[in-house]
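Scroll down for the structure; my scribbles are underneath it.
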Amino acid sequence: MKAAPLSSRLPLALLCAALFSPGLAAHAQQAAAGAAARPLSYEQSALLLAERSDALLGASRNTEAARQQAQALKALAMPRIHFDMQGLYYQKTVTVSLGDLRERAQGAAGATLAQMADRGLPGIDPGAVGQVIDQVQAALPSMFRPIPDEISARARQSLWHPTLSTVVPLYTGGAITAAKAAARSGVDVAQAAGDSLHEAQRFALAKAYFGQVLAEQVLAVARDTLAGFDEHLGNARKMQAQGVLSQARVLQVQVARDSAERSVQRAQGEHAAAVQVLQHLLRSEQPVAPTNALFLQTRPLPAVDSFLAAAQDGHPALRQARAAREVAHQGTALAQAAKYPTVYAFGSVNLNRRNALLTEPDWIVGVGLRYTLWPQIDRNSREAAALAREEAAQAATREAWTQIQMAIHQSWQVTEAARREYLSLASSIASASESLRVQEVSFREGVGTMSELIDARNALAQARTERAAAAYKYDLALASLLLASGQGEQYQDYLLRADEHLSTP
């Protein structure tokens, strides 16, 4: 059976077609040609990405904002001290009623005169005393009549009115504790979100970095294949000149050679586009030349349970869901606190006592209780909403764990499948190389056919490309597995422990 043309069987064409458009490839090829490449290892690229990524910078600032917000609430239970300065201009009218006072004074004077009449005065004729007292009592109304019913005083004044006051919360129904706990959990949410983004950036780097390495591999294979067909075409034309080979066979080689050239052109465009993707991801002013080859560990991965255990302990998405659940729980506590009264202590001191208002104390201290009898927001409905949000957060946490488990199992299986595929291709490449050697000898000796030689050349190119694609699939699936288990920072360790590296041919 004849092997399919190389152009129809290159895995890279399928992998890169979804990532790069022809326009981007053409632009990337032109741009990459104008600048010298900067050699970078994967570890150096990771450090550069962490330094220049705007997404990571934004996540870091969000975390700092949440931390500062929690810090702002740290003294929520402490006394609040206020200084007020008021400039006043006021008028005060004071009215004193004298009617009752006048009547009481007149009554008291009459009673005193009556007592004097009863006791008499020593050495004075009682009759004369009585006549005098009667005359005075008769004159009392006219004596007290000039006293008005009331007197009024009016004053206008301008003054500065400085006061120092404080309010100390004594009991809030748990509102302060809940608010502070929610703020701390908000920091955990922001931190976990930043860690999740960092994990995603590591995966994007692995995809772009080793995607460029794969593009280099496929381009090298395509060029090697084209060079082989150029050699076959040259030999075929010599044999045609000697009358050994027909024109039809020469044209058959020419068609295969042209197909290989088109494969090189496609691989060049895909490689240039891959270079641009990595360059833009790292915000580099020049193209990047990866110094790490596609890698693989020939021994099996650790058991999937170890990845599940690592995810259970520290997966950022799971930590974020748990922290969000705690925020929702504190929201419920805050809603419940609205059902209770608040108790507070207060105090105030007038700092300008010389010009104090008549009714204003010099200082005051006390304890108060406040309870809203008719709130604008129904407290029961608010608590029910908070409980619903808490239940939703709990469901989201369970769902996050389910998705994490699914991703770990899937990535583990894909990684192991890629490892087995890569190892099995070693014998395929050896067989394809031997088959090409045999077909070349057979063709030179006139035993083999040109179709068999072309098929052997294409089969070797396909096996070599499939091996590179399998190594890339392993590297990408491993990055996905570590991302799913929250261990993205260990990717460099796996690279260093790899015992198989696929260098560019």
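The values are calculated or read from the model by the stated rules, or taken from the named source; none is laboratory data. A quick note: this is a predicted structure, and the numbers were derived from the prediction, not measured. Cβ coordinates were reconstructed from backbone atoms using ideal geometry, including for glycine residues, and neighbour counts include every protein chain displayed. Ligands, DNA and RNA are excluded from the accessible area calculation, which covers all protein heavy atoms including side chains. Shrake-Rupley method; radii C 1.70, N 1.55, O 1.52, S 1.80 Å.
Dividing the convex hull volume of the Cα atoms of the stretch 146-278 by its residue count, what figure in Å³ per residue is obtained?
314 Å³
Which net charge results when you count Lys and Arg as +1 and Asp and Glu as -1 among the other residues whose beta-carbon is under 13 Å from that of LYS74?
Net local charge, LYS74 excluded: +3.
Work out the FRET efficiency for LEU101 and GLU360 from their Cβ-Cβ distance, taking R0 = 35 Å, and round it to the nearest 0.05.
Taking R0 as 35 Å, the efficiency between LEU101 and GLU360 is 0.80.
Charges only on Cβ, +1 for Lys and Arg, -1 for Asp and Glu: so what's the dipole of the stretch 44-102 about the Cα centre, in debye to the nearest 20?
On the way: 7 positive and 5 negative charges, 39 e Å.
In total the dipole reaches around 180 debye.
Wrap a convex hull around the Cα atoms of the stretch 381-457, take a quarter of its surface area, and give that in square nanometres.
Details: hull surface 32.1 nm².
With the hull built on Cα positions only, its mean projection is 8.0 nm².
Sort all Cα-Cα distances of the stretch 150-196 into consecutive 10 angstrom bins from zero, then give the percent of pairs in each bin up to the one containing the longest distance.
So the P(r) values, bin by bin, are 16, 20, 17, 16, 13, 10, 6, 3, 0.
If you count only protein heavy atoms with a 1.4 Å probe, what accessible area per residue comes out for the stretch 135-226, rounded to a whole Å²?
Values: 4370 Å² over 92 residues.
Heavy-atom accessible area per residue stands at 47 Å².
Efficiency by 1/(1 + (r/R0)^6): what FRET value for ASP149 and ALA384, r their Cβ-Cβ distance, R0 = 51 Å, to the nearest 0.05?
Calculated transfer efficiency: 0.20.
Order the peptides 398-410, 359-371, 98-110, 461-473 from the highest to the lowest mean number of other Cβ atoms within 10 Å of their residues.
Per-residue mean Cβ counts within 10 Å order the peptides as 461-473, 398-410, 98-110, 359-371.
Which order do the peptides 197-205, 212-220 take when ranked by the mean count of other beta-carbon atoms within 10 Å per residue, highest first?
212-220, 197-205
Would any residue of the stretch 470-501 have its amide N under 17 Å from a label point 7 Å out along Cα→Cβ of GLN413? List them or say none.
474, 477-478, 480-482, 484-485
Could the peptides 155-165, 286-296, 57-67 be put in order, highest first, of the mean number of other beta-carbon atoms found within 10 Å of their residues?
286-296, 57-67, 155-165
Residues in the stretch 445-465 near a label at ALA227, defined as backbone nitrogen under 17 Å from the 7 Å Cα→Cβ point?
Residues 457-458, 460-462, 464-465 qualify, since their backbone N sits under 17 Å from the label point.
Charges at C-beta only: +1 for Lys and Arg, -1 for Asp and Glu. How large is the resulting dipole of the chain about its Cα centre, in Debye rounded to 20?
That gives a dipole near 440 debye.
Compute the long axis of helix 247-281 from its Cα atoms, compare it with the longest principal axis of the Cα atoms of the chain, and write down the angle in degrees, 0 to 90, nearest 10.
Orientation of helix 247-281: about 20 degrees from the principal axis.
Name the lysines eligible as straight-distance cross-link partners of LYS74: C-alpha to C-alpha under 30 Å, and not fewer than 8 places from it in the same chain.
Excluding near neighbours in sequence, the set is LYS180, LYS339.
Can you run the Rg to Rh ratio on the stretch 31-116? Use alpha carbon positions and the Kirkwood inverse-distance Rh.
1.82
Return the calculated 222 nm mean residue ellipticity for the chain, to the nearest 500 deg cm²/dmol, obtained by summing -39500 (n - 2.57) across DSSP H runs with n ≥ 4 and dividing by the residue count.
-23500 deg cm²/dmol
Compute from the Cα atoms of the stretch 43-82 the Rg and the Dmax, the latter being the longest Cα-Cα distance, and quote both in angstrom.
According to the Cα coordinates of the stretch 43-82, Rg and Dmax are 17.1, 55 Å.
Rg over Rh of the stretch 253-344, using C-alpha atoms and the Kirkwood radius, what does it come to? Before the final figure, lay out the partial values.
Details: Rg = 27.8 Å, Rh = 20.3 Å.
Here the Rg-to-Rh quotient is 1.37.
Under 14 Å from the Cβ of ALA204, count the other residues' Cβ atoms, weight Lys and Arg +1, Asp and Glu -1, and hand me the total. Working shown, then result.
Values: positive: ARG52, ARG202, LYS207, ARG283; negative: ASP54, GLU199, ASP475.
In short, +1.
Would you please give the FRET efficiency between ARG398 and SER306, computed as 1/(1 + (r/R0)^6) with r the Cβ-Cβ distance and R0 = 25 Å, to the nearest 0.05?
0.70
If you bin every alpha carbon distance in the chain into 10 Å steps from zero, what whole percent lands in each bin?
The distribution over the chain is 3, 12, 14, 13, 11, 9, 8, 6, 5, 4, 4, 3, 3, 2, 1, 1, 1, 0, 0, given as percents.
Give the lysines whose C-alpha is closer than 30 Å to that of LYS207, dropping any in the same chain fewer than 8 places away, or say none.
LYS473
Work out from phi, with θ = phi - 60° and the Karplus expression 6.51 cos²θ - 1.76 cosθ + 1.60, the ³J(HN,Hα) of each residue of the stretch 50-66, listed in order in whole Hz, and give x for Gly and Pro.
Calculated HN-Hα couplings, in order: 5, 7, 10, 5, 5, 5, 5, 5, x, 5, 5, 5, 4, 5, 5, 4, 5 Hz.
Quote the convex hull volume per residue of the stretch 420-464, based on C-alpha atoms, as a whole number of Å³.
47 Å³
What is the local net charge at GLU383, summed over the other residues whose Cβ is closer than 12 Å to its Cβ (Lys, Arg +1; Asp, Glu -1)?
Charge balance near GLU383 sits at +2.
For SER503 and ALA111, calculate 0.36 nm times their separation in residues minus their Cα-Cα distance, and state this gained length in nm to one decimal.
Using 0.36 nm per residue and subtracting the Cα-Cα distance, I get 128.2 nm.
Return, ordered by residue number, the residues of the stretch 449-478 whose backbone nitrogen is under 14 Å from a label point located 7 Å along Cα→Cβ of SER442.
Flagged as within label range: 449-459.
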